[in-house]
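So the structure is just underneath, and the comments pick up after that.
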Amino acid sequence: MAEGALVFYSEVDIGPTWRDALHHWMPDLDVRIWPDVGDPQEVRYVMVWKPPEGFFQAFPNLSLIVNLGAGVDAILARGDLPDVPITRVSDPHMSRMMASYVVFAVLRYYRDIPEFERAQRRSEWHYIHPREPDEFTVGVMGLGELGRRAAEELSRWGFRMRGWARSRHEIDGVETFAGPDELLDFLSALDIAVVLLPSTPDTRGMIDRTVLAGLPRGAKLINAARGDLIDEAALVAALDSGHIAEATLDAFQTEPLPADHPFWGMEQVLITPHLASIALPRSSAKQIAENIRRVDRGEALMHQVDPKRGY
Ligand code: NDP
């Protein structure tokens, strides 16, 4: 039995589905879907994706904030965060869904599909001799929950794999690099760069002119993380010059992507509307219920975010 009520807020996730999933693991949990929050004094936990400004101040007895996703940049950027532990969703099914996006985008380039799509529009039979996957080097930037899984899946397809993160990682079949000093070396051999970094004060704008220039001419870029990691003007220039041959972009500095943004008119850019992966109620509810029990018992939480580190 939890010690208080939980309030759910999201404009994209479905409240009743999450309530049912939580009840599977905690049948007595009092789940209230915003704006039907009842007595705010009774609310001890909130489960949120991008709640409105001032949201937290309505609940004076909060003991847990559950961020309804992996990325915590939006919540940490707020000026109104109470001093309460924040957890993220960390779920193999969410990682699998992200890996499906990344594998799709990499295979699309590896098998020259954009070339064939363009040739078809010209009614042209355009033969390109297929290459072996190990003639192709793919690098994953960010080796956390999502990046590691994506690198492992791609390794199984036979690509030559590289990975880069802040700290040193060891992953079977992946040559790893760490920290700013090894970034340019990491980039220098890539046919495809996959961005799965969190957005933090250190990473915002990181994919700039210098990083793009560090990729070999003709490289392809896949960003399935956050739009503000990328200097979009620099990417447009690199795509215009052909230095970056193609890009698959799921996240943007401004979302929805404005109608006059140059990316829309670039046939070498594939745009998807920020859905590479999502928090999945059935597979994530168990860890959220467990964290509610832990916070009530004063125990260490799982998947707690470090606000100072930013992820
Ligand atoms: P994690 O927090 O698990 O991992 C982050 C990784 O990035 C770690 O490997 C970390 O290094 C590395 N990293 C962080 N800062 C730096 C830095 N300054 N330099 C180099 N490497 C750094 O994140 P997830 O894998 O769970 O998720 C990644 C991001 O994907 C999320 O933050 C979110 O923004 C985005 N996302 C996008 C979705 C979409 O639909 N488009 C869906 C879900 C998430 P180290 O291992 O050394 O700590």
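The values are calculated or read from the model by the stated rules, or taken from the named source; none is laboratory data. The shown structure was predicted, so the numbers you read here are calculated from the model rather than taken from an experiment. Here the Cβ is made from the backbone with ideal geometry for all residues, glycine too, and neighbour counts use every protein chain on show.
See the values below:
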item: Count - residues of segment 146-161 that are within 16 Å of the ligand (Cβ to nearest atom) and either buried (at least 20 other Cβ atoms within 10 Å of the Cβ) or not in a helix (DSSP H, G or I) (or both); result: 8
item: Residue count, segment 14-29 (criterion: crowded, with 16+ Cβ neighbours inside 10 Å and in contact with a helix residue (DSSP H, G or I) (Cβ under 8 Å, 6 or more places away or on another chain)); result: 5
item: Segment 23-41, subset over 28 Å from the mean Cα position of the chain (by Cα) and in a helix (DSSP H, G or I), residue nearest to R282 (Cα to Cα); result: P40
item: Residues (surrounded by fewer than 17 Cβ atoms within 10 Å (Cβ to Cβ), outside any helix (DSSP H, G or I) and free of Cβ contacts under 8 Å to residues at least 24 places away in the same chain) located in segment 212-257; result: P256
item: Pairs with Cβ under 8 Å, 6+ apart, first in segment 197-211 and among the basic types (K, R), second at pLDDT 95 or above; result: R204/D228; R204/L229; R209/D231; R209/A234; R209/A237; R209/A238
item: Matching residues, segment 81-123, being of a type in the set (A, V, I, L, M), in a loop (DSSP other than H, G, I, E, B) and more than 21 Å from the chain's Cα centre (by Cα); result: L81, V84
item: The listed residue being of a type in the set (D, E) and buried (at least 16 other Cβ atoms within 10 Å of the Cβ), out of D191, D185, D202, D172; result: D191
item: Flag for W164 being without any contact (Cβ under 8 Å) to a residue 60 or more places away in the chain, over 14 Å from the mean Cα position of the chain (by Cα) and within 12 Å of the ligand (Cβ to nearest atom); result: yes
